[in-house]
Amino acid sequence: MIEIIKEHIKEVENFSAESKENSESFRIKYLGKKGILNELFKKFKDIDANERKIIGKEINILKSKVKKKVLEFQSEKKEEENKANEDLYKPGFPIEFGSEHPLNIVRKNIIGIFEKIGYCISEGPEIEDDWHNFTALNLPKHHPARDMQDTFFIKRDPDILLRTHTSSVQIRYMEKNSPPIKTISPGRVYRNEDISARSHCLFHQVEGLYIDRDVSFANLKHTIEYFCKSMFGKSQIRLRPSYFPFTEPSAEVDIYWGLKSETDYRITKGTGWLEIMGCGMVDPNVLNNCNIDSEKYSGFAFGMGIERIAMLMYQISDIRYFFQNDLRFLKQFSKIN
Ligand code: PHE
């Protein structure tokens, strides 16, 4: 009999329950009314007095081992139940909030500044025809200035291309509306350029257009000063003569950034001045192309790259950061604005 009991002890020690049913049948097998322990106790009565002591001890060992196992299962079960109950009260998985892209922050800032002085927003297609991107903007076929912006062509003759500037939107706007016109056109533009720290095939622009009777260069200068003051808190600007086919006269706008810090020295190359946009008085040919009487109306236009402005605002040294979507870069802007 002692052998049988020892076998049982071994079995109990090695037993591990794989399921609830499993552990329940284990309990019944040993502790049930007709279970092994009861059977053993029944047989125990008929045992010789001299063997009783040893066998009794073994049966008790078996009993306590079985009870311990059963208790273990029960507490495991409880723990699982507790866990399941607990989950109901736990908050969900923490969701990490994203942050606004710096280009979007700057885009909104620029738009907000012009909306305050009555500009509306106009948008147009990124895939353009030759007329809206070039010809109507006083850049007829074979005009050398077409090379100023390396173009991605989708189809040739008739040309379909990715717009190289949002001036194309201004043409569309002028074709559909008559003066007074006061609109800004934010959007993506494409140029077939080598990607480097300073240039990228895809970037973003905001271009502005104001057309009315008696719009002068002084109005243009004042508008740009207002923009610089609102955007950068600095309004000292200079207008450097430049060339754009669609404006005459044309100018490049520099802002006086200052030379207070080492960074100022670095980004202005020691001059204190930074180029921020192009502008000019709309060429009469452009107005006529859009059926606006250039004898009656005049206007100005300006255009800037959002990346360039964002690089200045946040002192970002490489344009490629904007497109890599590295979370370590993007998260820095979650608290700005
Ligand atoms: N379209 C020009 C560019 O993309 C910018 C510009 C707009 C210049 C309006 C003058 C007037 O470079």
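Examine the range 173-195 for a residue that is of a type outside the set (A, V, I, L, M, F, W, C), farther than 17 Å from L139 by Cβ, within 14 Å of the ligand (Cβ to nearest atom) and at pLDDT below 95, and state whether such a residue exists.
yes
Would you point out which residue out of K68, K57 is under 20 Å from N22 (Cα atoms) and exposed (fewer than 14 other Cβ atoms within 10 Å of the Cβ)?
Going through K68, K57 in turn, the sole match is K68.
Scan the range 132-145 for residues that are over 34 Å from the mean Cα position of the chain (by Cα) and not aliphatic (A, V, I, L, M) and jot them down.
If the condition is that a residue be over 34 Å from the mean Cα position of the chain (by Cα) and not aliphatic (A, V, I, L, M), then T135, N138, P140, K141, H142, H143, P144 are the ones that fit.
Considering only the range 157-207, state which residues are in a strand (DSSP E or B) and β-branched (V, I, T).
I160, I181, T183, I184, V189, V206
Take the residues in the range 125-150 that are assigned to a helix (DSSP H, G or I) and among the hydrophobic types (A, V, I, L, M, F, W, C), then tell me which one is farthest from G280 (Cα to Cα).
We begin by selecting, within the range 125-150, every residue assigned to a helix (DSSP H, G or I); these are 130-133, 135-137, 144-148.
Checking which are among the hydrophobic types (A, V, I, L, M, F, W, C) leaves us with 131, 136-137, 145, 148.
Numbers: W131: 21, A136: 16, L137: 13, A145: 16, M148: 17 Å.
Here the answer is W131.
Return yes when I36 is touching a His at 6+ places or on another chain (Cβ under 9 Å) and surrounded by 12 or more Cβ atoms within 10 Å (Cβ to Cβ) and no when it is not. I'd like the intermediate steps shown before the answer.
Values: touching a His at 6+ places or on another chain (Cβ under 9 Å): yes; surrounded by 12 or more Cβ atoms within 10 Å (Cβ to Cβ): yes.
So I36 passes the test.
For the structure I just gave you, tell me whether I110 is within 13 Å of the ligand (Cβ to nearest atom) and part of a helix (DSSP H, G or I).
No; evaluated as a whole, the condition is false for this residue.
The values are calculated or read from the model by the stated rules, or taken from the named source; none is laboratory data. Please read these numbers as outputs of a predicted model, since none were measured by experiment. Reconstructed Cβ throughout: ideal geometry from the backbone, glycine too, with neighbour counts over all protein chains shown.
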